[in-house]
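The values are calculated or read from the model by the stated rules, or taken from the named source; none is laboratory data. Please read all numbers here as calculations on a predicted model, not as lab measurements. Because the Cβ atoms are built from the backbone with ideal geometry, glycine has one as well, and the counts that use them run over all protein chains shown. These accessible areas exclude ligands, DNA and RNA; they are computed on the full protein's heavy atoms, side chains included. Shrake-Rupley method; radii C 1.70, N 1.55, O 1.52, S 1.80 Å.
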Amino acid sequence: VYGASPPFTERKVQRFPWGKVEVVYDIRQGRVNECHLYGDFFMAGPGKSLDASSCELSDLEQAMSGVPYTTEALGPVLDRFPLPLLFSGCDPAELKAFLLPGK
């Protein structure tokens with residue numbers, strides 16, 4: 001149907017040199033309703049971030065909720081988070097490209 005945005009779930013999985021990441025997006029009306037990140041990667045440690053404020057994987061999942069499911073909208077959200085601390089050893093640009101729509 002032209003102009004409609006039916007609900008859907010997108011699941012992406014990729015193995016990186018530093019670990020496997022799975023992201024599951026639940027999309028409703030063109031926006032991220034829920035986001036869940038899973039994998040066998042390591043974190044630098046809960047409660048640590050580049051600016052000394054608390055940062056957990058669940059914070060990233062929550063920050064993506066309600067955001068339009070587009071690269072333009074999700075990119076700045078990902079930029080606010082210290083990805084190398086949440087995903088120890090990651091290349092932030094490579095991880096960001098994986099997490100954004102279209103790959």
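The C-beta contact set for the stretch 22-38 (first residue more than 17 Å from Gly75 (Cα to Cα), second residue of a type in the set (Gly, Ala, Ser) and part of a strand (DSSP E or B), distance under 7 angstrom, 6+ apart or interchain) comprises Glu22/Gly39.
Elements of the type helices (runs of 4 or more DSSP H) sitting completely within the stretch 59-103 and holding at least 3 residues that are closer than 17 Å to Val13 by Cα and out of contact with any strand residue (DSSP E or B) (no Cβ under 6 Å at 6 or more places or on another chain): these cover 92-99.
The set of residues from the stretch 3-32 being open to solvent by less than 70 Å² (accessible area, probe 1.4 Å) and more than 23 Å from Gly89 (Cα to Cα) comprises Ala4, Ser5, Glu10, Tyr25, Asp26, Ile27, Gly30, Val32. Pairing residues of the stretch 83-103 that are farther than 18 Å from Ser58 by Cα and of a type outside the set (S, T, N, Q) with residues that are at pLDDT below 90 and open to solvent by 60 Å² or more (accessible area, probe 1.4 Å), at Cβ distances under 8 Å and at least 6 apart in sequence or on separate chains, gives Gly89/Phe42; Ala97/Lys103.
Just to verify a result, which residue in the stretch 33-53, among those that are among the hydroxyl-bearing types (Ser, Thr, Tyr) and open to solvent by 30 Å² or more (accessible area, probe 1.4 Å), is modelled with the lowest pLDDT? By that ranking, first place goes to Ser53. Of all residues in the stretch 72-89, exactly one satisfies the criterion of being at pLDDT 95 or above, more than 11 Å from the chain's Cα centre (by Cα) and either closer than 10 Å to Phe42 by Cα or buried (at least 16 other Cβ atoms within 10 Å of the Cβ) (or both), namely Ala73.
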